[in-house]
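The structure appears below as structure tokens.
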Amino acid sequence: MRIFLIGFMGSGKSYCGRELAKLLGAPFIDLDEYVEAKAGAPISEIFANRNEEYFRELERDVLLSITPLPTFVMATGGGTPCHHDLITHLNEVGTTVFLDPPVDLLVERLRAEIDHRPLLAQSGELPTTVREKLQLRRPCYERAQIHLRFDNNDEDVARLVFDRLSEQPLS
């Protein structure tokens, strides 16, 4: 069982992933943490000292080195499935889950994290940036096998994902 949580930054992939892994009794992997460990630097430094293209290639290489593991729940980076057509690979080797909160909830969550999010730090007004980037990525995200919309911070998203996973066979 390989579960890949995808969605825009701030959608709760890491938090949900940790909770979902507990429910499933599976290891949790935060792809961003693995990329930072491989690079020996935070993602913000990778973007500042290299560029996004370098980061995306490193991210792909790290992801491809992990996917042969038999069982895990992974929180991917927000752009991971949208580059190098990785959504196709993720769908072939596991079950993809698109976490899809409303834009206003994403903006609320991301407001305090702008300095740690290179793609937001370089941009203008946060709500506009989130809407534009989400619109670009949404066609990729919607290729996920499970699409989970939720409206607020109070919902137990991990439990919602767990319930949806139990309704279908896992890869």
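The values are calculated or read from the model by the stated rules, or taken from the named source; none is laboratory data. Keep in mind that what you see is a predicted model, and the values were worked out from it rather than measured. Please note: Cβ atoms are built from the backbone with ideal geometry, for glycine as well, and neighbour counts cover all protein chains shown.
Just to be sure before I move on: is Leu99 in contact with a helix residue (DSSP H, G or I) (Cβ under 8 Å, 6 or more places away or on another chain), assigned to a helix (DSSP H, G or I) and either over 27 Å from Pro139 (Cβ atoms) or not charged (D, E, K, R) (or both) in the structure I sent?
Considered against the rule, which asks whether it is in contact with a helix residue (DSSP H, G or I) (Cβ under 8 Å, 6 or more places away or on another chain), assigned to a helix (DSSP H, G or I) and either over 27 Å from Pro139 (Cβ atoms) or not charged (D, E, K, R) (or both), Leu99 comes out as no.
Yes or no: Val62 assigned to a helix (DSSP H, G or I), closer than 23 Å to Cys16 by Cβ and modelled with pLDDT under 95? Don't jump to the end; show me each part of the working.
Working: assigned to a helix (DSSP H, G or I): yes; closer than 23 Å to Cys16 by Cβ: yes; modelled with pLDDT under 95: no.
Criteria not met by Val62.
Here is a list: Ala39, Ala26. Which entry is over 26 Å from Leu105 (Cα atoms), aliphatic (A, V, I, L, M) and either buried (at least 20 other Cβ atoms within 10 Å of the Cβ) or free of Cβ contacts under 8 Å to residues at least 40 places away in the same chain (or both)?
Working: Ala26 fails: either buried (at least 20 other Cβ atoms within 10 Å of the Cβ) or free of Cβ contacts under 8 Å to residues at least 40 places away in the same chain (or both).
Ala39 is the lone residue from the list that is over 26 Å from Leu105 (Cα atoms), aliphatic (A, V, I, L, M) and either buried (at least 20 other Cβ atoms within 10 Å of the Cβ) or free of Cβ contacts under 8 Å to residues at least 40 places away in the same chain (or both).
Being farther than 21 Å from Val93 by Cα, in a helix (DSSP H, G or I) and at pLDDT 95 or above: is that true of Glu53 here? Give the steps one after another, and end with the answer.
Working: farther than 21 Å from Val93 by Cα: yes; in a helix (DSSP H, G or I): yes; at pLDDT 95 or above: no.
Answer is no for this residue.
When only residues in the range 107-155 that are modelled with pLDDT of 90 or more and part of a loop (DSSP other than H, G, I, E, B) count, which is surrounded by the fewest Cβ atoms within 10 Å (Cβ to Cβ)?
Looking at residues that are modelled with pLDDT of 90 or more and part of a loop (DSSP other than H, G, I, E, B), I get Glu142.
May I ask you to list the residues in the range 55-81 that are buried (at least 19 other Cβ atoms within 10 Å of the Cβ) and among the small types (Gly, Ala, Ser)?
Ala75, Gly77, Gly78, Gly79
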